[in-house]
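The structure appears right after this line, and notes come after that.
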Amino acid sequence: WGKPCVCGCSDLLVDEKTETTTLKSTGETFKTGDIISLNGSTGEVIRGAMATETPDLGGDLGIILGWADEQAGAMKVMTNADSGKDAAKAAELGAKGIGFCRTEHM
């Protein structure tokens, strides 16, 4: 879907009292706690969690990423993690630490 960059959604009507939001174009309503996915290219709001794919970081890409790590010197790539699972996945993908952790999600 490209690089995510949703910076606004004029189609959403937010009701703070009922803690709901409604898509004006479809009338579909979401309440606090509902799982949604966003298409970062189109801004489409999708009910539920979309399936994701873990990228293959081996082969030629792995070599290039290794070269980048060698050149990075003291600069470390950190990650945000809300769970041990998030932290483990980030470490597997090469993150050097946790930069931000929202403990209310634990």
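Since every read-out is calculated from the coordinates, none of them should be taken as a lab result. Since the structure is predicted, the reported quantities are computational estimates derived from the model, not experimental observations. Heads up, the Cβs are rebuilt from the backbone with ideal geometry, glycines too, and the neighbour counts pull from every protein chain shown.
Pop the C-beta distance of R102 and S25 into the FRET formula with R0 = 35 Å and round what comes out to the nearest 0.05. So, using R0 = 35 Å, E works out to roughly 0.65. Within the chain, the longest segment free of exposed loop sites, counting GluC sites (Glu not before Pro) that fall outside DSSP classes H, G, I, E and B and have at most 12 other Cβ atoms within 10 Å, spans 54-106. For the chain, the number of Lys pairs separated by eight or more positions or lying on different chains, with C-alpha atoms closer than 17 Å, is 4. For the chain, the convex hull spanned by the alpha carbon atoms encloses 146 Å³ per residue. Say R0 is 22 Å: what FRET efficiency, to the nearest 0.05, do A49 and K85 get from their beta-carbon distance? Between A49 and K85 the formula returns 0.95. Qualifying trypsin sites (Lys or Arg not before Pro) in the range 66-105, where qualification requires a DSSP coil assignment and no more than 13 other C-beta atoms within 10 Å, comprise K76, R102. Give the shape of the range 59-105 as rounded, prolate or oblate, defined through the alpha-carbon gyration tensor: a ≥ b ≥ c are the square roots of its eigenvalues, a/c under 1.5 means rounded, and otherwise the shape is prolate if a/b is larger than b/c and oblate if not. Judged from the Cα gyration tensor, the range 59-105 comes out oblate (a/c at least 1.5, b/c at or above a/b).
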